[in-house]
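First up is the structure itself, then whatever we jot down about it.
We did not get these values from a lab; they are worked out from the coordinates using the rules stated. Since the structure is predicted, the reported quantities are computational estimates derived from the model, not experimental observations. We place every Cβ from the backbone using ideal geometry, glycine too, and count neighbours over all the protein chains shown.
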Amino acid sequence: MTLPTKAYGTTGPTNPLAPITVERREPGKHDVFIKIHYCGICHSDVHQARGEWGNSIFPMVPGHEIAGTVERVGEAVSRFKVGDKVGVGCFVDSCRECSSCQDGLEQYCERGMNLTYNGYEKDGKTPTFGGYSTQIVVDENYVLRMPDNLSLKGAAPLLCAGVTTYSPLKYWQAGPGKRVAIVGLGGLGHMAVKLAAAMCAEVAVISHSPKKKEDALRLGAKKFYPSTNADTFTELANHFDIIINTVSVELDWNQYLNLLKRDGVMVLLGVPPQAPQVHAFSLISKRRSLVGSLIGGIQETQEMLDFCSQHGITADIEEISMEQCNGAYERMIKGDVQYRFVIDMLAFA
Ligand code: NAP
Ligand code: ZN
Ligand code: ZN
């Protein structure tokens, strides 16, 4: 038996999102059945719904910033009970055996994690459908506990934007005395500013939207630099320890690498559809590194949620109805979002 579920999805890269019904499995022994209250809109939803990465599976129900409450649990579930506030991020399972899974880095699973949408369940053939839907069934090991002191709608974006920025900031040791630049003040970027500031790093924002200056400073940045001003790139040469690049379109990465000090590191988080060129001199002249980072593992996601709970950090959101999602995609592409759209799934149910 399966559970028919109301959702919003798309049947092809040029089609809008529209109502669709998907089937959820009846919860098994280890499963948690979650009523979805809110789901954030990540730019990855736009890239994949529009087929921009060449890996899209249709029909697709996007959404991997899922926050809700437990409605039912399987008989062997020990970590959650009915009524708990829970979250689901970018993946709903992984092989659990490879070295990455063993190290709590399920996002780098050697056999490929089971994505929350645009992927397949463990059987390798049942497509997964994401959070633009009223309910979801997930193995308890891939469910997060949402902190009591944070609103579910403000915390939903932590499940992707939060952990995606927390993980590299922590790994490359953002902290006191470190100069960190966040490139692009969108969903990921604004979380990166809040998190890096809470880690006591010296935070700067580099943005192509000069009007975001006040917001950047309010969110915790000490400095704001418009990328539209050529002086930014001369003034800041050899300046930063860490650059977190969240931009979703192609940029001249060489220009940004040049802003790193000796041994500095630029972390790529944004996934532009085209591959920019990197000149060897941008790296070798100062022993700089160009690295990438993918979301975060389950344990680290829980650690990030607890960190946000301690520091009272949530996303700055604009709440929308499910029916407004196509307009939200267009606004996101134009950079017109402050700073994450979150869909009210309860109103859609
Ligand atoms: P977003 O909210 O749309 O933010 C992207 C930001 O990029 C914009 O706010 C804008 O900031 C900047 N930008 C947009 N268009 C630009 C342009 N034409 N020129 C220069 N800058 C531009 O998107 P998001 O949800 O934060 O996601 C950002 C990227 O990260 C996407 O590519 C997404 O797929 C990727 N992502 C990666 C991971 C991972 O695990 N690595 C996880 C989630 C998302 P300014 O206005 O401040 O310039
Ligand atoms: Zn995402
Ligand atoms: Zn694995």
Hey, can you rank 266-272, 231-237 by average C-beta count inside 10 Å, highest first? 266-272, 231-237
Rounded to whole angstrom, the alpha-carbon centroid of region 289-317 lies from that of region 179-257 at a distance of 18
Going by average Cβ neighbours within 10 Å, how do the peptides 24-30, 217-223, 77-83, 135-141 rank, with the highest at the top? 135-141, 217-223, 24-30, 77-83
Per-selection Rg to Rh, the chain - Cα, Kirkwood hydrodynamic radius: 0.97
Residue-averaged [θ]222 nm for the chain, counting only DSSP H segments that reach four residues, each worth -39500 (n - 2.57): -6500 deg cm²/dmol
³J(HN,Hα) across region 343-349 via Karplus (A = 6.51, B = -1.76, C = 1.60, θ = phi - 60°), whole Hz, x for Gly/Pro? 8, 7, 7, 5, 5, 7, 4
Tell me, rounded to the nearest percent, the portion of alpha carbon pairs in region 162-292 spaced more than 19 Å apart. 42
With a 10 Å Cβ neighbour count serving as the proxy for reagent exposure, in which order, fewest first, do E65, E121 appear? E121, E65
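Could you order the peptides 143-151, 277-285, 42-50 from most to least packed, using the average number of other C-beta atoms within 10 Å per residue? Let's see the in-between values first.
Values: 143-151: 18.3, 277-285: 12.4, 42-50: 23.1.
Result, highest mean Cβ count within 10 Å first: 42-50, 143-151, 277-285.
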